[in-house]
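Taking it in order: structure first as structure tokens, then the write-up.
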Amino acid sequence: MSAGLPAGQAGWRGPGAEAGPVRRLRRAERREQILDAATRAFARSGFAATSLDDVAAEAGITRVILYRHFDSKAGMYRSVLDRACTRLASTVGTGDYGEDAVAVLVRAAAADPDAFRLLFRHAAREPEFRNQADALTAASAEVARRDLAAQIPAGPWLDWAARLVPAVATEAVIAWLDAGRPDPGQAAERIGQVIQGAIQAAKPAEQRQPSR
């Protein structure tokens, strides 16, 4: 990639550039390039403040090319969220939480922090896309409920913990990203300690571990 070109603009040649072959991206590749650029742009400025021109500039393409793949900003945003959710599910899984669940979540967030923030922070603040954020929250709570049922008796405190634990996990990971990803080798362990604190708080008094 030539120095100074925006991400995704490799292969673009302006006036006066030396002649040479330019590889045209296949449709699927171009769409992924646009979604990558849209993820960065939306995570940086939010849905309302990001225009299609902003995304086109981020991708290093014209708006005409953009419209060949997406006919609206809302449709593009939904595609960004859907792709982020699919990738997260393929990495973290959709079944019960394993012993390495926190470590896997941390790695997934570190691999694509913009997509992670869009899913768990920005989408919930956008009324037009709140339903997608709510669906993700509900699915996370259901998985947490199945996992926590072996530790917490059925009842309101299990309901509370099932909603709290996923929220604590994602907010802790986002806070770690925002802090500059300190001590990546220890991040999962530290975040896991925070999550365990929430679980302990939901247990009956006789089952709680004494504070150190």
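The values are calculated or read from the model by the stated rules, or taken from the named source; none is laboratory data. Quantities reported herein were computed from a predicted structural model and do not represent experimental measurements. Every residue, glycine among them, receives a Cβ derived from its backbone with ideal geometry; neighbour counts consider all protein chains shown. Protein only, heavy atoms only, side chains kept; ligands, DNA and RNA dropped before computing areas. Shrake-Rupley method; radii C 1.70, N 1.55, O 1.52, S 1.80 Å.
Kindly indicate which of PHE120, PHE129 is within 24 Å of PHE42 (Cα to Cα), in contact with an Asp or Glu (Cβ under 9 Å, 6 or more places away or on another chain), of a type in the set (A, V, I, L, M, F, W, C) and touching a residue at least 12 places away in the same chain (Cβ under 8 Å).
PHE120
Output the helices (runs of 4 or more DSSP H) that fall wholly within segment 63-124 and possess 2 or more residues being polar (S, T, N, Q) and either more than 27 Å from GLN151 (Cα to Cα) or open to solvent by 30 Å² or more (accessible area, probe 1.4 Å) (or both), or say none.
Qualifying helices (runs of 4 or more DSSP H): 73-92.
The conditions are (1) touching a Phe, Trp or Tyr at 6+ places or on another chain (Cβ under 9 Å); (2) of a type in the set (A, V, I, L, M); (3) not in a helix (DSSP H, G or I), and VAL143 fails exactly one of them. Which is it?
The failed condition is (3).
Counting only residues that are open to solvent by less than 30 Å² (accessible area, probe 1.4 Å) and in contact (Cβ under 8 Å) with a residue 40 or more places away in the chain, how many does segment 176-202 have?
Residues flagged as open to solvent by less than 30 Å² (accessible area, probe 1.4 Å) and in contact (Cβ under 8 Å) with a residue 40 or more places away in the chain within segment 176-202 amount to 9.
Could you check how many residues of segment 45-62 are of a type in the set (D, E, K, R) and either touching a residue at least 12 places away in the same chain (Cβ under 8 Å) or crowded, with 17+ Cβ neighbours inside 10 Å (or both)?
Here the count works out to 2.
Filter segment 129-182 for residues that are of a type in the set (Ser, Thr, Tyr) and in contact with a Ser or Thr (Cβ under 9 Å, 6 or more places away or on another chain); which is modelled with the lowest pLDDT? Before the answer, list the steps.
Just the residues of segment 129-182 that are of a type in the set (Ser, Thr, Tyr), to begin with: 137, 140, 170.
Still in the running and in contact with a Ser or Thr (Cβ under 9 Å, 6 or more places away or on another chain): 140, 170.
Values: SER140: 92, THR170: 96.
So the residue we want is SER140.
May I ask you to verify whether VAL173 is more than 17 Å from the chain's Cα centre (by Cα) and either under 27 Å from ASP82 (Cα atoms) or open to solvent by 70 Å² or more (accessible area, probe 1.4 Å) (or both)?
no
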